[in-house]
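Shown next, in structure tokens, is the structure this report addresses.
The values are calculated or read from the model by the stated rules, or taken from the named source; none is laboratory data. The shown structure was predicted, so the numbers you read here are calculated from the model rather than taken from an experiment. Here the Cβ is made from the backbone with ideal geometry for all residues, glycine too, and neighbour counts use every protein chain on show. Protein only, heavy atoms only, side chains kept; ligands, DNA and RNA dropped before computing areas. Shrake-Rupley method; radii C 1.70, N 1.55, O 1.52, S 1.80 Å.
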Amino acid sequence: MRGLDPFTTDLVVSDKSRGLGSVVLAVTPHLKSFGVKSRCRVYELPQDRDIIYAKPRMKKYIEYSCKIYEIYLRYVDRQDIHIYSIDEAFLDITHYLNYYQLTAKELAMKILADIYQETKITATCGIGENMFLAKVALDCLAKHHENNIAYLSQELFYKYIWDIQPLTEIWGIGDKIAKRLSKMNIHTLRELAQTPLEKLEKEFGVIGHELHQHAHGIDDSVVSEVRNYKPQDKSFGYGQVFYSDYNYHDLYTILMENIDEIATELILKKLTCQLISLGIGYSREIGGGFSRQMTLPIKTNSREKLREAFHKLYFDNIKDLPIRRLSIRVGKLEHEDFVQTDLFTDNQKKEHDLIKAIGEIKNKFGKSSINMAISYTEKATKIKRNLLIGGHNAE
């Protein structure tokens, strides 16, 4: 949109006005070639380069994502598309190649060409015999191949992927799993594949079986089934990373705002919870933090009971240190209909109906149509956050 070439321009997507701790959401390939990584902080960027700061524009980002999805729909049915994230999708082209009389690579080239022609976005593509191989081809190889397209068969997987390090480069292996594998002296997919399945299942449970399968390039997932899969919510919550330090008195305001949101969501979904958890991260200079949880004596969606419980969890554990991160969750969810009939006292019933009415008004007229009084105090963040999309500038 600026007429700049991302392969020759030093540009990052980040709102510098929110402070040096602001997250860098994206980095141009040119800047990445100097070792700069996405998801770093502004203060971690090199100071000796003339970097352009582009403010996030989430509405525009979603608009372009929709344009690209419309391009996919020209080639395959929506049942054969799984939107993995706002900028990634799986397309099952198995039954379309005969129709188009094209190879998988030729069809991919046509789709990527349309994307570039209509959006000026350079896309990449991984092709594989299953979803896992396609994703690994995309993540590990595509950007280094001609036409930004890479293909992986099981044989090529053994040749090019088996010895890649670190293991976190591989889809489905995050930092925590990689550390546990490292303690087992497993540092590559080759070593993972040669580890007895029984040993992996003992360490990881059902995930151990999936890790063993993936280590051999095996994946039985089908796009149409994955896109229609609806996981059962076992917990949900909210989290925030702050751009300046908060003391524990000021943070309590934001805690109350988040509890209000959780109580509203529980009631609108006709759910109760019996488990709460609280996470606090102190500033980088201090380091550390804590994560605590509490089982409630009864299942509830009462805002007042949740406030009482989180209040205790908060003041039993908080320290008078600068705070940069807050997260709260509720778990052990159950439908209201299955809870004992004496769940509500008269006061709780009035509160329940009030919160339900407020939630319905917010759904109809917008999140900021009704706010608690504390949301208008200096340290509150809810009203500002309601203007964002995914925590970022909505423009």
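Distance from the Cα centroid of the range 215-272 to that of the range 349-367 is 20 Å (rounded to whole angstrom).
Ligands, DNA and RNA left out, the accessible area of the chain computed with a 1.4 Å probe is 51% carbon and sulfur. Residue ranking by accessible heavy-atom surface, 1.4 Å probe, largest first, among Phe242, Phe7 comes out as Phe7, Phe242.
Where only protein heavy atoms count, and the probe is 1.4 Å, what is the accessible area per residue for the chain in Å²? Before the final figure, lay out the partial values.
On the way: 23100 Å² over 395 residues.
Accessible area per residue: 58 Å².
Using only Cα atoms, what Kirkwood radius does the range 1-112 have, in angstroms? Please list the in-between numbers first.
Working: mean 1/r = 0.0606 Å⁻¹.
Over the range 1-112, the inverse of the mean reciprocal pair distance is 16.5 Å.
What shape does the range 144-233 take by its C-alpha gyration tensor, where a ≥ b ≥ c are the square roots of the eigenvalues and a/c under 1.5 counts as rounded, a/b above b/c as prolate, and the rest as oblate? Here the range 144-233 falls in the oblate category. Relative to the current alpha-carbon distance between Tyr84 and Asn228, full extension at 0.36 nm per residue lengthens the span by 50.6 nm. With 19 Å as the limit, the listed pairs Lys362/Lys382; Lys332/Lys364; Lys60/Lys382 have Lys332/Lys364; Lys60/Lys382 beyond it between alpha carbons. A crude spin-label estimate for the pair Lys356 and Arg2, with each label 7 Å from Cα along the Cβ direction, gives 5.1 nm.
Between Ser368 and Lys159, residue separation times 0.36 nm minus the direct Cα-Cα distance comes to 69.8 nm. Listed by chain and number, the aspartates and glutamates whose C-alpha is less than 20 Å from the C-alpha of Lys55, apart from same-chain residues fewer than 8 away, are Asp5, Asp10, Asp15, Glu44, Glu63, Asp87, Glu395.
If you average the C-alpha positions of the range 58-134 and of the range 273-305 separately, how far apart do those two centres end up, in angstrom? Taking the Cα centre of the range 273-305 as reference, the centre of the range 58-134 is 41 Å away. Spin-label pair Met294-Ser221: with each label point 7 Å from Cα along the Cα-Cβ axis, the two points sit 3.8 nm from one another.
List residues of the range 275-310, by number, whose backbone nitrogen lies under 12 Å from a label position 7 Å along Cα→C-beta of Asp316. Residues 276-278, 292-297, 309-310 fall inside that zone.
Here each label is just a point 7 Å from Cα along the line to Cβ, and for Glu210 and Gln348 those points are 3.6 nm apart. Debye-formula intensities of the range 113-191, expressed as log10 I(q)/I(0) at q = 0.15 Å⁻¹, are -0.58 (one equal scatterer per alpha-carbon, no solvent).
A straight Cα-to-Cα reach below 19 Å connects Lys176 with the lysines Lys199, Lys202, residues fewer than 8 places away in its own chain not being considered. Of all the options Asn130, Asn98, Asn258, the one that moves most in a Gaussian network model of the chain with Cα springs shorter than 10 angstrom is Asn98. For Thr8, the accessible surface of its heavy atoms amounts to roughly 90 Å² (probe 1.4 Å, protein chains only, rounded to the nearest 10).
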